[in-house]
Structure formats: structure tokens, C-alpha cells
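Undergrad: Dropping the structure in here first, questions after.
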Amino acid sequence: MNSQVYEELKKEVQEIIDLIASKQNREANNKLREVSETLDELLDHAEEDEELLEISRYQVLLNQLHQKINAE
């Protein structure tokens with residue numbers, strides 16, 4: 001898979017973290033939903049174990065961020 005895709009994911013995850021830090025939970029939740037949809041699409045087309053592993057890492061991170069958003 002293209003490493004550019006993962007670089008974009010990193011940027012989007014950082015944006016979610018920044019939104020959480022600035023107490024913009026609604027915006028963070030919306031962005032999290034967008035990134036989750038992107039991950040779902042990537043998962044649908046993943047063929048290699050490495051891709052699946054990387055996608056699962058992002059899914060775990062997004063789940064943790066989701067819990068953080070909803071805890072506040």
C-alpha cells in the first residue's frame with residue numbers, strides 16, 4: 001500500500017488529537033468518523049498482512065480517541 005495514505009492518516013489523527021486538546025469534541029468526533037470510514041475502505045481493499053496490521057493499529061488508536069472524546 002502507498003505510504004502516502006498512511007502519512008495522510010497520521011495527519012488526520014493528529015488533527016483529531018488537536019481538536020480534543022482544544023476541547024472541540026464535536027469537531028473531533030466528526031473528524032474521527034471520517035477517518036474511521038477511510039479505514040473501513042482501506043480494510044475492504046487490504047490484501048497483505050502488513051496492511052491489515054497497520055490498519056488495525058489505527059483502529060485501536062481511533063477507539064481510544066473515541067473513548068477520550070466521550071469521557072469528557
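The values are calculated or read from the model by the stated rules, or taken from the named source; none is laboratory data. Remember, predicted model here, so these are calculated numbers, not experimental data. Cβ atoms come from the backbone with ideal geometry, glycine included; neighbour counts cover every protein chain shown. Remember, those area values only see protein heavy atoms, side chains included, never the ligands or the DNA or RNA. Shrake-Rupley method; radii C 1.70, N 1.55, O 1.52, S 1.80 Å.
Undergrad: Excluding ligands, DNA and RNA, what is the solvent-accessible area per residue of the chain at a probe of 1.4 Å, expressed in Å²?
TA: Per residue, the chain has 71 Å² of solvent-accessible surface.
Undergrad: Measuring from centroid to centroid over Cα atoms, what is the spacing of region 19-42 and region 53-72 in Å?
TA: Region 19-42 and region 53-72 have Cα centres separated by 10 Å.
Undergrad: Hey, another quick one. Hey, got a sec? Which trypsin sites (Lys or Arg not before Pro) in the chain land in a DSSP loop and have at most 13 other Cβ atoms within 10 Å?
TA: The qualifying sites are LYS23.
Undergrad: Follow-up. List the GluC sites (Glu not before Pro) in region 10-70 that DSSP assigns to loop (not H, G, I, E or B) and whose Cβ has at most 15 other Cβ atoms within 10 Å. Which are they?
TA: On the way: sites: GLU12, GLU15, GLU27, GLU34, GLU37, GLU41, GLU47, GLU48, GLU50, GLU51, GLU54; in loops: GLU47, GLU48.
Filter output for region 10-70: GLU47, GLU48.
Undergrad: Further question: What is the percent carbon and sulfur in the accessible area of the chain, measuring with a 1.4 Å probe over the protein chains and ignoring ligands? List each step's numbers first, then the result.
TA: Values: 2300 of 5090 Å².
Answer for the chain: carbon and sulfur cover 45 percent of the accessible area.
Undergrad: List the lysines whose Cα sits under 17 Å from the Cα of LYS11, skipping any in the same chain fewer than 8 residues away.
TA: Qualifying lysines at Cα under 17 Å: LYS31.
Undergrad: Still on this model: Once phi is turned into ³J(HN,Hα) by the Karplus curve 6.51 cos²θ - 1.76 cosθ + 1.60 with θ = phi - 60°, what whole-Hz value does each residue of region 39-54 show in order, with x for glycine and proline?
TA: For region 39-54, the Karplus-derived couplings read 4, 4, 5, 4, 5, 4, 9, 5, 10, 9, 4, 4, 5, 4, 5, 5 Hz, x marking Gly and Pro.
Undergrad: Related question: Please state the charge dipole magnitude for region 1-65, taken about the Cα centre, from unit charges on C-beta atoms (+1 on K and R, -1 on D and E), reported in debye and rounded to the nearest 20.
TA: Numbers: 7 positive and 17 negative charges, 132 e Å.
Rounded to the nearest 20 debye, it is 640 debye.
Undergrad: Using the Cα atoms as the points, what is the convex hull volume per residue of the chain in Å³?
TA: Details: hull volume 4.8 nm³, N = 72.
Taking the convex hull of the Cα positions in the chain, it is 67 Å³ per residue.
Undergrad: Here's something else I'd like to know. Using Cα pairs closer than 8 Å and at least 6 residues apart in sequence, work out the relative contact order for the chain, in percent.
TA: 32 percent
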